[in-house]
């Protein structure tokens, strides 16, 4: 029986996902200086879906003073700009909750 292509890499997936989270964290922290940042890997919820080429699905909750006075669409654009270099190879989809420091409770 023939082994599925890249099956030998399955043992590295947890490392890969952890690495992706750290890359996302690095780019967001560098660009947006968050006071709070939570990154959740939701890739397991999309297992078996086609079209993502192995890239991950993530949920991000970020609180930043750079969002003060910005509309939600502008905040999302700021987050997308921060992680743009990771799309689409590392990030397939990202769900964003972006709060300004003056509205975080």
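Number of residues in region 24-43 that are part of a strand (DSSP E or B) and surrounded by 16 or more Cβ atoms within 10 Å (Cβ to Cβ) equals 3.
Apart from one condition, residue 10 fits all of (1) at pLDDT 70 or above; (2) part of a helix (DSSP H, G or I); the exception is (1).
Answer yes or no as to whether residue 47 is surrounded by fewer than 19 Cβ atoms within 10 Å (Cβ to Cβ), modelled with pLDDT under 80, within 14 Å of the chain's Cα centre (by Cα) and more than 17 Å from residue 19 (Cβ to Cβ). No; evaluated as a whole, the condition is false for this residue.
Could you tell me whether any residue of region 52-62 is under 17 Å from residue 103 (Cβ atoms), in contact with a helix residue (DSSP H, G or I) (Cβ under 9 Å, 6 or more places away or on another chain), at pLDDT 80 or above and outside any strand (DSSP E or B)? No, region 52-62 contains no residue that is under 17 Å from residue 103 (Cβ atoms), in contact with a helix residue (DSSP H, G or I) (Cβ under 9 Å, 6 or more places away or on another chain), at pLDDT 80 or above and outside any strand (DSSP E or B).
The values are calculated or read from the model by the stated rules, or taken from the named source; none is laboratory data. Predicted model only: the values in this text are computed from it and were never measured. Here Cβ is always computed from backbone atoms with ideal geometry, including for glycine, and neighbour counts include all displayed protein chains.
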